[in-house]
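Below you'll find the structure, written out as structure tokens, and then a few comments.
The values are calculated or read from the model by the stated rules, or taken from the named source; none is laboratory data. All of these numbers come straight from a predicted model, not from anything done at the bench. Counting neighbours? That spans all protein chains shown, and the Cβs are built from the backbone with ideal geometry, glycine included.
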């Protein structure tokens, strides 16, 4: 039996220097590739595979990886560990996109079950290649897909080789449901950072890196009740902030797109991790940090590009856009 402290909120992000989230090439024990965007200290992040490889080693307190470096969707078929459809603490939830062992149609996703609320509701900790370094989610089984989008198909849970028991197991509200600001502020929002200090953790007492410049940034995590409750990452041409900041250091630039009419010519940004409806894959990293123009609108399908003429960048669901 292994007892572990669950990671239930953004404030539980792995600390800098944690060997389980640092590549072997950088002095850690994780065999995974470099994440993207690469965290300055935890070099396997952002990447769901790198996170799961590190988190499972951390839970089991071993420097030997439990999983090899595969695409996320290939974990389930490749692993020789026990598997099932019922969640257990410490288990790995696996989703595929298209066919397994074919990354060209999507690489799938994996996450770690931190807390089992019931057989149909769990809290997971995760990372996303091309997206956030660390976040948590409440996932409900629903029709069987455990809260994943239409491009994903749930495969099952992989159980770790020892029984895992969370300690200090109290109910927590995961980050995708919390905020210290009015409800319109949420993960993925583009904000106007006023400039100032940032911190490596939401509970830090000492700032790092000096003054950050003012400009646009994305909210990538929210930690309720902490000293610095918002994690911001600056966008290209905007602020150089990359850390946790105080409430009141920025103002929201976006509102719910469902309550705001979208028109051709609008400037928009694509939410982190959103998929191109044409390719069924994530966009290149740079797309999520660029202002784009709306070129065509067909129901919920919106075509965007970097300019108002010429080649298009891709097509996205309306709900994955924020108006600038």
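Observations, loosely collected:
- Failed item in (1) at pLDDT 90 or above; (2) surrounded by fewer than 20 Cβ atoms within 10 Å (Cβ to Cβ); (3) in a loop (DSSP other than H, G, I, E, B), with residue 156 passing the rest: (3)
- Criterion violated by residue 310 - all others in (1) in a loop (DSSP other than H, G, I, E, B); (2) within 22 Å of the chain's Cα centre (by Cα) satisfied: (2)
- For residue 99, the conditions (1) at pLDDT 95 or above; (2) more than 22 Å from residue 44 (Cβ to Cβ) all hold with the exception of (1).
Results for (1) surrounded by 24 or more Cβ atoms within 10 Å (Cβ to Cβ); (2) over 16 Å from the mean Cα position of the chain (by Cα); (3) over 17 Å from residue 163 (Cα atoms); (4) at pLDDT below 95, shown as yes or no for each residue.
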| position | (1), (2), (3), (4) |
| --- | --- |
| 43 | no, no, yes, no |
| 49 | yes, no, yes, no |
| 66 | no, yes, no, yes |
| 71 | no, yes, yes, yes |
| 82 | no, yes, no, no |
| 85 | no, yes, no, no |
| 94 | yes, no, yes, no |
| 105 | no, yes, yes, yes |
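- A single member of 110, 49, 86 is within 26 Å of residue 1 (Cα to Cα) and part of a strand (DSSP E or B), and it is 110.
- Where residue 56 falls short, out of the listed (1) touching a residue at least 24 places away in the same chain (Cβ under 8 Å); (2) surrounded by fewer than 21 Cβ atoms within 10 Å (Cβ to Cβ): (2)
- In this entry, residue 272 is excluded by the filter for residues that are outside any strand (DSSP E or B), modelled with pLDDT of 90 or more and assigned by TED's automatic domain parsing to the domain that holds residue 314.
- Check on residue 284, over 27 Å from residue 150 (Cα atoms) and within 24 Å of the chain's Cα centre (by Cα): no
- Checking 151, 145, 102 one by one, the residue that is in contact (Cβ under 8 Å) with a residue 60 or more places away in the chain, in the same structural domain as residue 22 (by TED's automatic domain parsing) and farther than 19 Å from residue 13 by Cβ is 151 and no other.
- Test: residue in region 282-294 that is touching a residue at least 24 places away in the same chain (Cβ under 8 Å) and more than 25 Å from residue 186 (Cα to Cα): no
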